[in-house]
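Below is one structure, written out as structure tokens; the observations come after it.
The values are calculated or read from the model by the stated rules, or taken from the named source; none is laboratory data. Because the structure is a prediction, the values reported are computed rather than measured. Glycine also receives a Cβ, built like all others from the backbone with ideal geometry; neighbour counts cover every protein chain displayed. These accessible areas exclude ligands, DNA and RNA; they are computed on the full protein's heavy atoms, side chains included. Shrake-Rupley method; radii C 1.70, N 1.55, O 1.52, S 1.80 Å.
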Amino acid sequence: MKPRTFAIIGCGKVGVTLSWHLAHIGYRPAGFASRRSASAHAAAENAGGGRVCRDPWDATADADVVFITTPDAMIASVAERLVARGGVKRGAVVLHCSGALSSTILAVVRNCGAHAGSLHPLQSFAAPTFPDNPFRGIIMAGEGDDGALAFAREMASGLQAEFLSIETENKTLYHAAAVVASNYLVTLLAVATRLLEGSGIAPEDTLKVLLPLVRGTLNNIEKRGVAQALTGPIARGDRGTVESHCRKIRQTLPDLLPFYQLLGNYTLPLAEAGGDVDAGQLRDLAALLKRP
């Protein structure tokens, strides 16, 4: 890989993390700009160089690759300002790291002969992370034009991530899947802890009870696949247990009953795919899970 120069606009957790790791795999820092100058200085210090600029177009003018790692609502306007002020050179690659947005919001950079794309690390960043590599072994999903995709693939490989190419029109569903798997897992555990507290378990002990079960389930999913990892009363066609759950939740935590029933309904096709319940059991369970 020939040396590449990079600039980062928006030096938050992702931007600062990228600055350190890109510099340590051979990319050369060109410039940094951020709403908070202290953040830009931190990114430059972590990268071992690069200009800290008040105006983003001064930071990006000479960069081979420009990362826009601002909040999602600002990405398109930042790209427009960079182009308007001559901050994107011909042949450069402009990438954003949003999971929710596609490269179409960067289309303006193509007017000056640059490439537009997105490169989304499928990982949560609670804080800047180094020297440990948070990209190692994760998925980095890329989409955009061919020039941007080639560069994104090269960069993901350098960061020791697995590159996943997705179609631009499918970016939204990709991100929805990530939200369900990550954010809604938190919601699911929040509901489970409320149920445990209702059973008399002390709040400070609920995660101690649940997390080994969650880890075991994830391990089974990895080894056997989603449908074959399903266990529990719905997988067994055990109407009596599900009915008992519904009755007790209705009595003690009624606001959680629709949540329990909704998840149960979406679990029925998995139970059917597992092959251990018959059609009659599935019908009985479906009727029970639809009761108000």
Percent relative contact order for segment 175-292, counting Cα pairs under 8 Å at least six residues apart, stands at 24
Report, ordered by chain and residue number, the lysines lying within cross-link reach of residue 223, taken as a straight Cα distance under 29 Å and ignoring same-chain residues fewer than 8 apart. 171, 208
Peptide ranges 117-126, 262-271 listed from the most packed, as the mean C-beta count within 10 angstrom indicates: 117-126, 262-271
Taking the chain as a Gaussian network, where each spring joins two C-alpha atoms under 10 Å apart, which residue of 260, 27, 184 fluctuates the most? 260
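In the chain, what percentage of the DSSP-assigned beta bridges are antiparallel, given to the nearest 5? Don't jump to the answer; show the numbers that get you there.
Details: 5 of 28 bridges.
Around 20 percent of the beta bridges assigned by DSSP in the chain are antiparallel ones.
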Could you work out which residue, out of 127, 192, 273, moves most in a Gaussian network model of the chain, that is, has the largest mean-square fluctuation with Cα springs under 10 Å? 273
Under 12 Å Cα to Cα from residue 290, which aspartates and glutamates show up? Leave out anything in the same chain fewer than 8 places away. 243
Ordered by packing density, taken as the mean number of other Cβ atoms within 10 Å over each peptide's residues, highest first, how do 193-203, 134-144 rank? 134-144, 193-203
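At a Förster distance of 22 Å, what's the computed FRET efficiency of residue 183 paired with residue 291, Cβ-Cβ distance as r, to 0.05?
Numbers: r = 29 Å, r/R0 = 1.31.
For residue 183 and residue 291, the calculated efficiency is 0.15.
Where the accessible area of segment 25-126 is counted over protein heavy atoms with a 1.4 Å probe, how much of it, in %, is carbon and sulfur? If you can, show how the numbers build up before the last one.
On the way: 2130 of 4480 Å².
Taking all protein chains in place, segment 25-126 shows 47 percent carbon and sulfur surface.
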How much accessible area per residue does the chain have, in Å², with a 1.4 Å probe? 52
What distance in nm separates the two pseudo spin-label positions at residue 111 and residue 255, each 7 Å out from Cα along the beta-carbon direction? 4.9
GNM on the chain, Cα springs under 10 Å; top mean-square fluctuation among 132, 64, 55 goes to 132
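Run the numbers for residue 220 and residue 35: contour at 0.36 nm per residue of separation, minus the present Cα-Cα distance, in nm.
Full-extension gain reported as 62.1 nm.
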